[in-house]
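Read through the structure below, which is laid out as structure tokens, and then see the notes.
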Amino acid sequence: LATLLTGLQNQPSASLGHLLPEGTPTPLIPALIIIETTSLLIRPLALGVRLTANLTAGHLLIQLISTATTVLLPIIPTVSLLTRTILLLLTILEVAVAIIQAYVFVLLLSLYLQENI
């Protein structure tokens, strides 16, 4: 949202020019402006939902496996050791996912800024 507002403040004609592709037939102009405006406003929301879902899923899985490890430790120590190994591998995977999510976030943010500034 900040990238859109910055673009509208610094270069209003260029920012509004993205709403309507060149050579659009006249009857389609109102519909395309509504569609493009909706698309621009949904972008930050979709990015936030995607980041939240990816990070939350990993944390929930780690919580479930760590609870299983704690419960299984007094009952079956060998299985508990196996779940600890899985938990360690999952933690490494979660760090990798966090790095990838940070990369995607910065890449998309730079694309949004490049389009609006």
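When the stretch 73-95 is examined, which residues are found to be of a type in the set (A, V, I, L, M) and open to solvent by 40 Å² or more (accessible area, probe 1.4 Å)? Once the filter is applied, which keeps residues that are of a type in the set (A, V, I, L, M) and open to solvent by 40 Å² or more (accessible area, probe 1.4 Å), the stretch 73-95 yields L73, I75, I76, V79, L81, L82, I86, L88, L89, I92, L93, V95. Of all the listed residues (L28, L19, L40, L45), the sole one being at pLDDT 85 or above, of a type outside the set (V, I, T) and within 21 Å of L111 (Cα to Cα) is L45.
Residues in the stretch 29-43 that are out of contact with any helix residue (DSSP H, G or I) (no Cβ under 8 Å at 6 or more places or on another chain) and either of a type in the set (D, E, K, R) or open to solvent by less than 60 Å² (accessible area, probe 1.4 Å) (or both): I29, A31, L32, E36, T37, S39. Take P25 and tell me if it is more than 22 Å from V95 (Cα to Cα), open to solvent by less than 80 Å² (accessible area, probe 1.4 Å) and within 20 Å of the chain's Cα centre (by Cα). No; evaluated as a whole, the condition is false for this residue.
Would it be correct to say that L72 is without any contact (Cβ under 8 Å) to a residue 12 or more places away in the chain and touching a helix residue (DSSP H, G or I) at 6+ places or on another chain (Cβ under 6 Å)? In short, yes. Screening the stretch 50-72 for residues that are exposed (fewer than 13 other Cβ atoms within 10 Å of the Cβ) and more than 26 Å from the chain's Cα centre (by Cα) and picking the one that is nearest to L93 (Cα to Cα) gives T67. Residue pairs whose Cβ atoms lie under 6 Å apart, separated by 6 or more positions or on different chains, with the first residue in the stretch 80-102 and under 19 Å from T52 (Cα atoms) and of a type outside the set (D, E) and the second open to solvent by less than 80 Å² (accessible area, probe 1.4 Å) and part of a helix (DSSP H, G or I), are L90/I62; V97/G58; Q101/L51; Q101/N54. For the stretch 6-21, indicate whether the set of residues that are β-branched (V, I, T) and open to solvent by 70 Å² or more (accessible area, probe 1.4 Å) is non-empty. No, that holds for no residue.
Tell me, please, whether a residue that is polar (S, T, N, Q) and out of contact with any helix residue (DSSP H, G or I) (no Cβ under 7 Å at 6 or more places or on another chain) can be found in the stretch 87-101. No, because not a single residue in the stretch 87-101 is polar (S, T, N, Q) and out of contact with any helix residue (DSSP H, G or I) (no Cβ under 7 Å at 6 or more places or on another chain).
Only residues that are assigned to a helix (DSSP H, G or I), surrounded by 11 or more Cβ atoms within 10 Å (Cβ to Cβ) and either hydroxyl-bearing (S, T, Y) or out of contact with any His (no Cβ under 7 Å at 6 or more places or on another chain) (or both) were counted in the stretch 101-117, giving 11.
The values are calculated or read from the model by the stated rules, or taken from the named source; none is laboratory data. All figures in this text were calculated on a predicted structure; none of them were measured in a lab. Heads up, the Cβs are rebuilt from the backbone with ideal geometry, glycines too, and the neighbour counts pull from every protein chain shown. Protein only, heavy atoms only, side chains kept; ligands, DNA and RNA dropped before computing areas. Shrake-Rupley method; radii C 1.70, N 1.55, O 1.52, S 1.80 Å.
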